[in-house]
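Reviewing the structure listed below.
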Amino acid sequence: MSIANSLPARASTLRRSQRVCLSVPVTVVREGPGNHRVTEESRTLIVSAHGALILLGLTVEAGQLLTMRHTKTQEELICRVIHLGPDQSGKREVGVEFEKPAPRFWRIAFPPLDWSPRSVDAKPATAHPIVTRSLPKKSPPAAANVEKKNDVGQG
């Protein structure tokens, strides 16, 4: 097996924190020359304790510093562009990394390590017997006790 083929599998085991698919409204601020600020409203695609993947129309470069503002809490963090995906209809997926880990920035509780089946803390699946239930058969409606009058001989 070549090293190139083993990199994706190895890279996933080197993650510092689990990724979570979560759409959080954010405002991204890009500083330009002469205190010129450009902002864009966006949403996260994936978040982690160390950053996020967002869809941006702003032109950014790898290594560039941005400010990310959580729209609901107004909290701001400085982040660095670490990944640029392909351009898709004028926008691209941009991976950003916080200067310092900030797991509370997203206001979610990250899943514990044992949620990952690769974790040493993960527990094996519990074997449960397969239980099938059959629905009770419907019995025909009970015949109503109807008195029939014999009209024969009544006159």
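A short reminder: the numbers here are calculations on the coordinates, not readings from a lab. Fair warning: this is a prediction, and the values are worked out from it, not measured in the lab. Cβ placement follows ideal geometry from the backbone for every residue including glycine, while neighbour counts extend to all protein chains displayed.
Tabulated data for the structure shown
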item	result
Net +/- balance of residues flanking LYS72 in space, Cβ distance below 15 Å, scoring K and R +1, D and E -1	+1
Additional length obtainable on full extension of the chain from HIS36 to LYS91, 0.36 nm per residue less Cα span	17.7 nm
Gained length - SER23 relative to ILE46, 0.36 nm times residue gap less alpha-carbon distance	7.6 nm
Cut-off under 5 Å, modelled amide H: who pairs with LEU22 long-range	ILE46, VAL47
